[in-house]
Amino acid sequence: MLNRIIIALGCALIVSCSKTETITPATPSIPTTPTTNTSTYNPLWVPPILNGTTFNLSLEKATKQLQAGAKTNTYGYNGNDFWGPTLIMNKGDNVTLNVTNKIDETTTVHWHGFHIPANMDGGPHQTIAPNVTWSPNFKIMNNAGTYWYHPHAHELTHKQLAYGAGGFIIIKDPQEAALNLPRTYGVDDIPLMLTSRRYSATNVIDIAGAYGDYQLTNGISSSQITLPKAFVRFRILNAEIERGYNLGFSDNRTFYVIGNDGGLVNAPIAVTRLPLMVGERAEIMVDLGGDAIDSAIDLKTFNSGQPLGFGGGEPATSGVFGSLLNNKDFNLLNIKVGAAGASAVKTIPGTLANNTYWTNSDVTNSRTITITGGQGGQAFTLDNKAYSHTTINQTVKLNAVEKWTIVNNNIFGHAFHIHDVQFKVISRSNGAVAPYESGWKDTVYVPIGTSVSVIAKFDDFSSPTDAFMYHCHFSNHEDEGMMGNFIVIP
Ligand code: C2O
Ligand code: CU
Ligand code: CU
């Protein structure tokens, strides 16, 4: 607490800077539109696709021109210089993933959001030593939706993620396929990985702090894409260290949330702002049908004036809890409107899914997790215990429907994630659960001074020895020990 306040006070005295850097644009000059203050853009990178039931992933060292000057050392999968391919999987398929570690430190790969056995989950227990291939296989049981893979080696997650290791997973299923939704990947169905980075004087990625100074969308700064004059779909992931996003468009237009972490919501939810915290995904649709060809709008984050405890709301422009982007509204993607193709989607379905969610009357057991630690610059913890590989913190009975209440009366907001399950956010101590988080979730924001209750069924997979994880998804917090093990036993 003290640290954050002292740094905040110190930085109030520093004149704020604004982001002006750009990297060699592919097109020499793109006219400035009235809604944006950047005059040159770089084409958005859309990750390549891997299909099928066998997926080969190889984590490799790379370099990328992220800033003017020296190239930056990065990590990427399968020869990409930041991030990795998008894996497309079908519900019901049995898949095998061959993950080879070609960097010189231990890694793991976790399939975030997946309902799979604990020993296939890729958490801190399933380490992959350098030059070793790990080959989990499992059946895809999740609903169509946007998931992701990322390293989860204890005390290395923050660094490896910051260097660029991660990727999207899109699950398809017949229910989603039956809807008239934009789903032409890279054309009207666009994955967006949002993050930011700080660089040293020699352009090394700086992982000492909680925030980056320069925004990256799919690893690209000042990114731009041309999209059809129709409804378009974005699958948005907050892959930050601590920063929250408060998404919206430069003209404040209404857009529609069609999915949460675990797939489609029952009906589109109209919003003009959408908070998205670390680890969370949202699928949105926005209508460009009324926009003139060649006009442009920006997808932005409106992060100025956020309450205390919102990641990136601190006023400091430098230091561990400061950044050039803190407490500002800034652009995430410039969207140029192009011609609608033959497959353009002109309407939005009124009904998307018929999920039946858990309610309080289904609950067979309840437990409370309290956010602790963090005093005087110490690490955050859960229930006053720093993470230990060998401690089982919670034991859940197979097929239990459990209510977990996460209590946060402590210093800062956090993004709480549970492996194995998709849960329903059932209540918040500070008011109603927002409609935009009404679907299946695996990660939930817990603002400072509040508690949140979620309900999940822990079915299908049990083991007396292999643990699942629950943790804060701020990668610096989880590396510092804000994480626990749970087992599911028959
Ligand atoms: Cu996205 Cu335990 O992780
Ligand atoms: Cu996870
Ligand atoms: Cu945290």
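Brief remarks follow.
One line per residue, one yes/no per condition, for (1) assigned to a loop (DSSP other than H, G, I, E, B); (2) more than 16 Å from ligand 3 (Cβ to nearest atom); (3) surrounded by fewer than 24 Cβ atoms within 10 Å (Cβ to Cβ):
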residue: ILE406; (1), (2), (3): no, no, yes
residue: ASN410; (1), (2), (3): yes, no, yes
residue: SER427; (1), (2), (3): no, yes, yes
residue: ILE455; (1), (2), (3): no, yes, yes
residue: ASP460; (1), (2), (3): yes, yes, yes
residue: THR465; (1), (2), (3): yes, yes, yes
residue: TYR470; (1), (2), (3): no, no, yes
residue: GLY481; (1), (2), (3): yes, no, yes
residue: GLY484; (1), (2), (3): no, no, yes
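- Of all the residues in the range 452-487, those that are farther than 30 Å from GLN378 by Cα, among the hydrophobic types (A, V, I, L, M, F, W, C) and more than 16 Å from ligand 2 (Cβ to nearest atom) number 1.
- The residue that is nearest to ligand 3 (Cβ to nearest atom), among those in the range 155-164 that are farther than 12 Å from GLY122 by Cβ and either touching an Asp or Glu at 6+ places or on another chain (Cβ under 7 Å) or small (Gly, Ala, Ser) (or both), is HIS158.
- Single match in ASP189, ASP173, ASP206 (criterion: in contact with a strand residue (DSSP E or B) (Cβ under 8 Å, 6 or more places away or on another chain) and outside the structural domain of TYR245 (by TED's automatic domain parsing)): ASP173
- When the criteria are applied in full, ASP420 fails the requirement of being buried (at least 16 other Cβ atoms within 10 Å of the Cβ), assigned by TED's automatic domain parsing to the domain that holds GLY481 and on the phi < 0 side of the Ramachandran plot.
- Positions within the range 129-146 being open to solvent by 50 Å² or more (accessible area, probe 1.4 Å), outside any loop (DSSP other than H, G, I, E, B) and within 30 Å of GLU176 (Cβ to Cβ), in sequence order: ASN137, LYS139
- Leading residue by the ranking (nearest to ligand 3 (Cβ to nearest atom)) among those in the range 375-393 that are more than 18 Å from HIS152 (Cβ to Cβ) and free of Cβ contacts under 8 Å to residues at least 40 places away in the same chain: GLN378
- Residues within the range 375-385 that are part of a loop (DSSP other than H, G, I, E, B) and open to solvent by 60 Å² or more (accessible area, probe 1.4 Å), tallied: 2
- The range 341-355, residues that are modelled with pLDDT of 95 or more and exposed (fewer than 11 other Cβ atoms within 10 Å of the Cβ): THR347, GLY350, THR351, ASN354
- Search result, residues across the range 286-322 that are on the phi > 0 side of the Ramachandran plot and open to solvent by less than 60 Å² (accessible area, probe 1.4 Å): GLY309, GLY312, GLY319
- A residue that is more than 30 Å from THR254 (Cα to Cα) and either without any contact (Cβ under 8 Å) to a residue 12 or more places away in the chain or of a type in the set (D, E, K, R) (or both) occurs somewhere in the range 438-458.
- Cβ separations smaller than 8 Å between residues 6+ apart or across chains give no pair from the range 460-477 residues that are assigned by TED's automatic domain parsing to the domain that holds GLN160 to residues that are open to solvent by less than 40 Å² (accessible area, probe 1.4 Å).
- Any chance PHE416 is closer than 30 Å to TYR163 by Cβ, within 16 Å of ligand 3 (Cβ to nearest atom), in contact with a Cys (Cβ under 9 Å, 6 or more places away or on another chain) and not acidic (Asp, Glu): yes
- For beta carbons closer than 7 Å, sequence separation of 6+ or different chains, a first residue in the range 263-287 that is assigned by TED's automatic domain parsing to the domain that holds CYS472 and without any contact (Cβ under 8 Å) to a residue 24 or more places away in the chain and a second that is in a strand (DSSP E or B) and open to solvent by less than 40 Å² (accessible area, probe 1.4 Å), there are no qualifying pairs.
- Within the range 258-330, strands (runs of 3 or more DSSP E) holding 2 or more residues that are under 24 Å from TYR214 (Cβ atoms): 274-276, 281-287, 296-302
- Some residue of the range 93-110 being of a type in the set (A, V, I, L, M, F, W, C) and open to solvent by 10 Å² or more (accessible area, probe 1.4 Å): no
- THR372 falls short on exactly one of the conditions (1) surrounded by 17 or more Cβ atoms within 10 Å (Cβ to Cβ); (2) touching a residue at least 40 places away in the same chain (Cβ under 8 Å), and that condition is (2).
- Restricting attention to the range 208-225, the residues that are over 18 Å from the mean Cα position of the chain (by Cα) and among the β-branched types (Val, Ile, Thr) total 1.
The values are calculated or read from the model by the stated rules, or taken from the named source; none is laboratory data. Keep in mind that what you see is a predicted model, and the values were worked out from it rather than measured. As a convention, Cβ positions derive from the backbone with ideal geometry for all residues, glycine included, and neighbour counts pool all protein chains shown. We work out accessible area using only protein heavy atoms, side chains counted, and drop any ligands, DNA or RNA first. Shrake-Rupley method; radii C 1.70, N 1.55, O 1.52, S 1.80 Å.
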